[in-house]
Amino acid sequence: MEIASCQRERGVRRGAHPGLQSKLRMAGDSRVHMDHDMEIGVTPREQVKKLPKHLRESQIPTDRTHLISDPVKKPRQRYVQKDGKCNVHHGNVQETYRYLSDLFTTLVDLRWRLSFFIFTLVYVVNWLFFGFLWWLIALIRGDLLHGDEEGWTPCVENLNSFVSAFLFSIETETTIGYGYRVITEKCPEGIILLLVQAILGSIVNAMMVGCMFVKISQPKNRAETLMFSHKAVISVRDNKMCLMFRVGDLRNSHIVEASIRAKLIRSQQTKEGEFIPLNQTDINIGFDTGDDRLFLVSPLIISHEINEKSPFWEMSRAQMEKEEFEIVVILEGMVEATGMTCQARSSYLDSEVLWGYRFTPVLSLEKGFYEVDYNNFHDIYETNTPTCSAKELSARLKESPLLPHLPLLSPDLRQHTDPFSAQTTREETEKDAEKAADTNNGSANRLEENP
């Protein structure tokens, strides 16, 4: 059947008009394209034309388009959040008794709602326990039955029920002393219990009040006013490639003995084939020169020189875009008001390290003081930066100290140019104009002398 239909179609084509033959040929080609599209899973062309414009532009990618397009880089899971919280959860901890060995720290590390619950529970249980003991003494001595009789000396006057014993326990431990319930001298067991409750109550007060005081005065909230720039940048400083980020302090009370350090978090594989997940490598940001000790009065740009000891020594811009890493920065110091040690943390993923940028200045000189504009704290601008690695840059600078011979990130700046370089260019232009004017005046004088 298919052979006969094909022969009839060929016969019609042979005997048809030339224009009709061309139309039939185009229809056959379109059928072939349609069959091919159906084979590879693409929406047919006629159906695409009938679809709305927003649906035509957003077609679902197929396996073939995935092969043609560039591979999409998966978002990396943070090791440290931007606010400093470590994104690590401890699971399958079997030796839980270790937490009880350091009970004070365990209580301090609890959340506030659990801390309030335990604080209230400890005091209520303590009062109920000693109230039960006072009620038990009154029950054994017979004070609950003969307390109202004349000539009977009870252990505690006016203690005739468990509720009154509970109230007496609260009055004893909190040293309220209303004077209505009083222990008598003819009750030695009551005197001993009073001493035990006074000592244990002092211990409970010291522990629970100390936990709440330490929890309230923790310097974690002080770290909220320490700022880190949203992005880290890489550019050239003094003919050296540098990785930079900015830190600042919003409070007028300063951080004493402030120091900063950085870690590179990156998985690596050793020469023996061992895989080390999230390996930590130190990033030198002035440890050997003392630049890591900060006087954090105004925002500072922390710089890491990419040299032979740097993990970024052989990374170019293209290689860094393919790498997966995270830079964790840690700022430590003592709070000037309390003297307690404070630590602030932040991190930069590989996508947050921008090549060829610098930070916008935030410090300006006003009348009698310096002013910091925190609106520009996170702002950056693009600058001419070689795209090669720091190792290649160092080698080329040894051969020729001229940077224009190196491949730059972009020939034109998209944002603000460097004000100092612009000022230098303006001064050089003015000097050239003055020299030209002097030359013209000298030529005119010589023409007047020699008519």
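The values are calculated or read from the model by the stated rules, or taken from the named source; none is laboratory data. Just so it is clear, the model here is predicted, and its values are computed rather than measured. In this analysis, Cβ positions are derived from the backbone assuming ideal geometry, glycine residues included, and neighbour counts consider all displayed protein chains. Note: areas computed on protein heavy atoms with side chains; ligands, DNA, RNA excluded. Shrake-Rupley method; radii C 1.70, N 1.55, O 1.52, S 1.80 Å.
Remarks
- Residue in the range 261-283 that is modelled with the lowest pLDDT, counting only those that are part of a strand (DSSP E or B) and among the small types (G, A, S): S267
- Filter pass, V80 being out of contact with any Pro (no Cβ under 8 Å at 6 or more places or on another chain) and at pLDDT 85 or above: yes
- Single residue of the range 358-403 satisfying the filter (among the charged types (D, E, K, R) and part of a strand (DSSP E or B)) that is surrounded by the most Cβ atoms within 10 Å (Cβ to Cβ): R358
Okay, residues lined up against (1) over 22 Å from F325 (Cα atoms); (2) in contact with a helix residue (DSSP H, G or I) (Cβ under 6 Å, 6 or more places away or on another chain); (3) in the same structural domain as G339 (by the TED database):
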residue: A198; (1), (2), (3): yes, no, no
residue: N205; (1), (2), (3): yes, no, no
residue: G210; (1), (2), (3): yes, no, no
residue: S229; (1), (2), (3): no, no, yes
residue: R246; (1), (2), (3): no, no, yes
residue: S253; (1), (2), (3): yes, no, yes
residue: A258; (1), (2), (3): yes, no, yes
residue: L278; (1), (2), (3): no, no, yes
residue: I283; (1), (2), (3): no, no, yes
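- Check on I301, assigned to a strand (DSSP E or B) and open to solvent by 20 Å² or more (accessible area, probe 1.4 Å): yes
- Flag for V124 being closer than 30 Å to F162 by Cα and open to solvent by less than 100 Å² (accessible area, probe 1.4 Å): yes
- Condition met for L136 (free of Cβ contacts under 8 Å to residues at least 40 places away in the same chain, outside any loop (DSSP other than H, G, I, E, B) and open to solvent by less than 70 Å² (accessible area, probe 1.4 Å)): yes
- Every pair of residues 6+ apart whose Cβ atoms lie under 6 Å, when the first sits in the range 353-373 and is closer than 19 Å to V247 by Cα while the second is open to solvent by 50 Å² or more (accessible area, probe 1.4 Å) and of a type in the set (V, I, T): F359/I301
- Considering the range 260-276, the residues that are under 18 Å from the mean Cα position of the chain (by Cα) and over 13 Å from E326 (Cβ atoms) include one that is surrounded by the fewest Cβ atoms within 10 Å (Cβ to Cβ), namely R261.
- Flag if M320 is at pLDDT below 95, part of a strand (DSSP E or B) and either under 30 Å from Q269 (Cα atoms) or not assigned by the TED database to the domain that holds V214 (or both): no
- Test: residue in the range 354-370 that is within 23 Å of R266 (Cβ to Cβ) and charged (D, E, K, R): no
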